[in-house]
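Worksheet: the structure to be examined is printed underneath.
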Amino acid sequence: MYYCKYVYLCTMNQKFLLLFGLSVVNMLFMHGQLVMTVEFEYPFKPDAIWSNVFSCLIDATFFFVLSLLLTRGRVKGALLLTFVLTALLSFCNVLYARFFGHYLPNLAITQLGNLNDGDVMRSILTGFRWQDVYYVLMPILFGWSYRRYNKQELKLGYMQTLSWLWGAMLASVLVFIIVLGLFHDHNFETSFIRFSPVRVQYTQAPNNMLYRSGFVRRAMVCYEDIFQKDLVLDGKQQDEIRRTYRDYRERTTAMPTVTDAKNLIFIIVESYMAVTSDLIVDGKEITPFLNRLKRDSTVYYNGHVRPNITIGESSDGQLIYMTGLLPMRCEITVNIAKDKRLIGLPQLLKQAGRMKQTQIIVPTSPTFWEQDKMNERYGIDTMYSKFDCPKELHGNEDLNDEQVFELAAREQAKASCPFFSLVVTMSMHNPYNKCVEHGFTVSDKNYTAEVRNYLVDCHYTDQQIEKYINELKRQGLYDNSVIVIAADHHAHAVHLGMAESRVKKDLPLYIINGGVDNHRAWTGPCNQLDVYTTLLDMYGVRSDWRGLGHTLLNGNYKDYPLDKLHLLSDWIIRNNYFEKAGE
């Protein structure tokens, strides 16, 4: 009799374990796909996989307990809801990672409105792979198993099964900690920490931390992000911030190069890489106009600018150029920064009396990536967007580069000089399964189809920049303007159909009419972060805050540790440092 009861309960355990286990498999599949997709910050240690399995069980159990509450204790319904939640989380993370190269950050849900943008949606849809058939087959398997078992059968065994699972897992973790301590030079404390995430791990290595810790433990460690609370800094951290940014030895040269009242026109080109400069394919230059600028002795050119963006992509590029800060590695920075005080380049130029008016021209809607709110943080007074262009010209799509530059030229002609104007382009945005048709083609089969389309788009944007520059000359604005041409970020290898190792990520930087002595300026490897500091130095703005980069006007440029500055930037933004310090 007792034997029969034991066998019956074991059968119930197996039935519950099968349905619950499929939710755990959803999480494991997601992490496996991300291992093949994203670039982790440091190599895995021996305990990483086991730590990941442990975290998947934690996440699945959390969703099950939550589902039990939502279904008022109905175990079968809770199992169904758990499977749906884990499958959705898995699917969304896999697609997001193929586009952004990271796990979903805590506040990604606040940017769902960006899915209305055609380019973003098309880019995400191109991320589908053959292995995604998993998200069709697994629900079929779950549905078939789910229909086979009644409520009572599942209810009898679930508590014993969960207890057995957790007991086995905790015992395994303990064994792993002991083994690591014996064979991998880890003491008990450091090995245990590897299973217990801390904030600094998330700040510096978000992909590695999430792989190890899972979503529930990340949320517990990083609750400030979810509830939008300011990070509390201790005295040592505040001293480190002040000591770093008030060291002006590498941030200022002796004399400004722009001594008269000149406009500053800053063009941020989408996904523009320096490797396209002087590139000849099929006997044709890809960017003939920009190549002429590069060879002009009066133009400062640096083709070795390292991209400093993280998961915020284009919004990160804009933040770096406009604030002299680095973006967060673990969160879409504008989600946090939109509510913090920043010290923007337009703001400082206006306060110093170098500009009368500040404006921005964007090809998207005003709210895309929190643009309207970030403009306030940068000190930009006026924004022109696709809504300022006749709808019959673009429909519901974003503006192409021709339309962006026409809008910019029109509004700049009406601006009070000297003015600051930020122009953002879009036509070189992925996906590269198509290109802008304008009569220029690339047929060299040594390049992937995606690269050929990308190069055609580069040629189109080069044409539009040339037309825009000629219009500035016609309006009489060219000679009285410093014109900066920079890239928001590089084009990602996965979107170009290339191996990561074959993509040269360096970005170009052009400064026209800046009075830069090319023999004394630095033209070697540098960072996007340096552009903010360089422009303040060029205009002679001697504010307390001059960014965290170094000026490129100094030929003895010294490199610096980006990891440390990422951490300091994270502290500054999360703490709302400038507001509290009264900067």
Apply the a/c threshold of 1.5 to the C-alpha gyration tensor of the range 230-364 and tell me whether it is rounded, prolate or oblate. prolate
Compute the FRET efficiency between R246 and T367 as 1/(1 + (r/R0)^6), taking r as their Cβ-Cβ distance and R0 = 41 Å, and round to the nearest 0.05. 0.70
Translational diffusion coefficient, Stokes-Einstein: compute it for the range 381-423 using the Kirkwood radius over C-alpha pairs as Rh, at 4 °C and 1.567 mPa s, and state it as an integer in µm² s⁻¹. 116 µm²/s
Please report how far the C-alpha centroid of the range 34-51 lies from that of the range 362-440, rounded to the nearest whole angstrom. 39 Å
From the cross-link list K340/K414; K338/K505; K294/K505, the entries with a Cα-Cα span beyond 20 Å are K340/K414; K338/K505
Please report the accessible area of R129 (heavy atoms, 1.4 Å probe, ligands and nucleic acids excluded) in Å², nearest 10. 90 Å²
Find how much the distance from M255 to V84 grows on full extension, using 0.36 nm per residue of separation minus their present alpha carbon separation; answer in nm with one decimal. 55.3 nm
Take the Cβ-Cβ distance between L393 and R74 as r, set R0 to 41 Å, and report the resulting FRET efficiency rounded to the nearest 0.05. 0.15
Net length gained if the chain between D339 and D517 were fully extended (0.36 nm per residue, minus Cα distance): 60.1 nm
Long-range tail of P(r) for the range 541-583 (Cα pairs > 13 Å, %): 65 percent
Difference of contour (0.36 nm per residue) and Cα-Cα distance, I49 to W144: 31.2 nm
Run the numbers on the range 411-565 and let me know its relative contact order in percent, using alpha-carbon pairs under 8 Å that are six or more apart. 16 percent
Order of exposure, largest accessible area first, which applies to W369, W545 with probe 1.4 Å: W369, W545
Express in whole angstrom the spacing between the alpha-carbon centres of the range 465-497 and the range 234-276. 20 Å
By accessible area (1.4 Å), largest first, V25, V258, V424 order as V25, V424, V258
Excluding same-chain residues fewer than 8 positions from K76, which lysines have a Cα within less than 29 Å of its Cα? K5, K15, K151, K155
Given a Förster distance of 25 angstrom, what is the FRET efficiency for T441 paired with S501, based on the Cβ-Cβ distance and rounded to 0.05? 0.35
Please report Rg over Rh for the range 284-439, where both radii come from the alpha carbon positions and Rh follows the Kirkwood definition. 0.97
Taking K and R as +1 and D and E as -1, what net charge do the other residues with C-beta under 15 Å from the C-beta of D506 add up to? 0
With all protein chains present, calculate the accessible area of Y478 using a 1.4 Å probe and round the result to the nearest 10 Å². 40 Å²
Give the ranking of K386, K504 by solvent-accessible surface, highest area first, calculated with a 1.4 Å probe. K504, K386
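The values are calculated or read from the model by the stated rules, or taken from the named source; none is laboratory data. These numbers come from a predicted model, not from an experiment. Here the Cβ is made from the backbone with ideal geometry for all residues, glycine too, and neighbour counts use every protein chain on show. These area figures cover heavy atoms from the full protein model, side chains too; ligands, DNA and RNA do not enter into them. Shrake-Rupley method; radii C 1.70, N 1.55, O 1.52, S 1.80 Å.
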